[in-house]
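Every number in this text was worked out from the coordinates using simple rules, so none of it is lab data. No experiment lies behind these values; they were computed from the predicted model shown. Here the Cβ is made from the backbone with ideal geometry for all residues, glycine too, and neighbour counts use every protein chain on show.
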Amino acid sequence: MAITPELQHTVGKTAGFGGTSLHTGEKVSLKLHPAPADHGIKFKRKDLQDEPTIDAKIDNLKTVERATTLGEGAVRVHTVEHVLSALSAMDVDNAIVEMDANEPPIGDGSAQPYVDLIKKAGVTAQEQPRKFFDVREPMHVESKTGALLVLLPDETFRISCTQAGPNNRFAQFLSTEITPAIFEREIAPARTFVYYEDVQPLIEKNLIKGGSLENAIVVRGEAVLSKEPLRFSDEFVRHKILDIIGDLALVGRRIRGHVVAVKPGHAVNAELARELAREQARRSAMSAPRAVPIGNGGLDTDEVMQILPHRYPFLMVDRVIGFEGENKITAVKSITINEPFFQGHFPGHPVMPGVMQVEAMAQVASLLLFKLAKTTSRIGYFMSADSVKFRKPVLPGDTMFIHAELTKSRGERLAKAKCHCVVNDAVVSEGELMFTFLDK
Ligand SMILES: [Zn+2]
């Protein structure tokens with residue numbers, strides 16, 4: 001299946017399979033249908049009047065005990081994490097998951113049947129661009145039971161997971177990038193596993209009628225009970241990764257980041273998904289343009305262009321907000337998707353190049369130097385940059401504030417400026433710039 005990573009995808013045609021549901025033990029059939037762009041994943045209850053649908057969104061998460069349950073109004077779908085994991089990892093953004101019961105077939109307790117189903121249906125590209133969640137700064141969630149999820153910036157979607165049972169039995173670790181090929185080979189076949197002490201009360205209460213050694217591995221003491229031998233020596237941690245992918249699919253965006261998970265479970269996975277959805281909402285709200293005052297000793301675009309020789313597409317200052325004494329300046333640049341560098345940096349994944357931020361710092365520092373030199377017969381040339389750090393990606397819609405402070409000026413020939421760029425009140429880049437003055 002050829003995937004164009006920057007575009008949305010759906011299934012090529014309807015495909016289905018049947019089986020038994022875990023909790024009720026009833027027969028259920030499930031069908032995957034293609035869906036238009038921006039539709040997302042929706043579950044459809046074919047067995048109910050009016051065939052209601054439920055969005056696979058974190059807002060619809062109802063319970064996370066043992067499995068992930070979604071609901072809207074009185075309608076519920078249970079144990080959705082394995083089908084969601086397969087859809088997400090196999091690059092399906094939009095689909096209808098139609099079922100004639102409240103739970104998908106449990107299959108063999110892995111995501112293998114869903115990978116097979118998706119391959120049967122095919123995956124096709126749509127015209128609209130995919131929505132991503134780019135991790136800009138480390139995030140983490142923790143639970144009282146010792147579960148910990150950390151999310152770090154990364155260009156790909158990666159998971160590093162440590163799983164450990166009671167008394168640290170069956171401690172396992174695996175770190176991998178998640179791509180369709182890796183998921184299919186390394187993650188999808190890993191089956192659900194349960195600890196006997198946890199399921200015994202459920203068996204007694206008859207709450208897992210469809211549960212058997214055919215669809216779960218049961219761990220009793222040091223013994224591993226299953227119909228089929230272990231598929232991987234570290235099958236448990238692989239299944240934990242499978243569940244993380246399924247639960248994070250509820251964010252509704254492709255995550256570009258590295259999940260570091262210690263003893264994860266549905267509750268803490270869901271909490272991270274909620275955190276991401278909140279951060280996304282905050283980002284969308286923050287991308288509204290900020291009103292920047294003009295006047296008060298600042299410089300408007302015309303005045304900036306009278307001083308700086310730079311012109312489109314290389315003028316990286318929209319306006320100077322103000323000077324503080326002789327040595328400090330703050331300027332602003334609105335970053336829009338129309339910046340020419342976004343066309344190639346990168347197609348489908350626009351990130352402002354770090355060197356353009358350094359250029360912005362250099363131009364703003366030059367404006368400060370000009371004020372200091374109070375002459376237009378000389379121009380400051382950018383000589384070197386030290387201690388440059390890029391801390392967070394700058395994206396279209398961001399308003400970048402550029403700060404420069406003159407730390408050293410030797411005579412009128414050399415000058416040093418400490419600079420940093422700020423987006424949403426966080427430093428995105430910094431550096432120490434050196435200039436020399438030459439006659440025009
Ligand atoms: Zn699972």
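Structural remarks
- By DSSP, the beta bridges lying fully in the range 23-103 are antiparallel in about 70 percent of cases.
- Cα-based shape type of the range 23-108, given that a ≥ b ≥ c are square roots of the gyration tensor eigenvalues and the cut on a/c is 1.5: rounded
- Label zone at residue 128 (point 7 Å along Cα-to-Cβ), backbone N below 20 Å, the range 223-266: 249-256
- Here is the size of the chain from its Cα atoms: Rg then Dmax, 27.3, 90 Å.
- Alpha-carbon Rg/Rh ratio, for the range 310-440, with Rh computed the Kirkwood way: 0.97
- Net charge of Cβ neighbours under 10 Å - reference residue 143; Lys, Arg +1; Asp, Glu -1: 0
- Contact order normalised by residue count of the range 301-439, Cα under 8 Å, 6+ apart, percent: 26
- Of the residues 54, 329, the one with the fewest other Cβ atoms within 10 Å heads the list, and the complete ranking is 54, 329.
- Assuming charge only on the beta carbon of Lys and Arg (+1) and of Asp and Glu (-1), the dipole of the chain about its Cα centre is about 640 debye to the nearest 20.
- In the chain, the DSSP-assigned H stretches of four residues or longer account for a calculated mean residue ellipticity at 222 nm of -6500 deg cm²/dmol, using -39500 (n - 2.57) per stretch and the full residue count as denominator.
- Linear extension gain, residue 63 paired with residue 384, 0.36 nm per residue minus alpha-carbon span: 109.9 nm
- In order along the range 151-166, the Karplus-derived 3J(HN,Hα) couplings, from 6.51 cos²θ - 1.76 cosθ + 1.60 at θ = phi - 60°, round to 10, 10, x, 6, 6, 10, 9, 10, 10, 10, 10, 10, 10, 8, x, x Hz, and Gly and Pro are given as x.
- Look at 433, 367 and count the other Cβ atoms within 10 Å of each Cβ; fewest to most, that gives 367, 433.
- Least to most buried among 312, 195, 381, 114 (fewest other Cβ within 10 Å first): 312, 381, 195, 114
- Under 5 Å from the amide H of residue 257 lie the amide H atoms of 154, 156, 157, 158, each residue being 5 or more positions distant or on a separate chain, with H modelled from the backbone and absent for Pro and chain starts.
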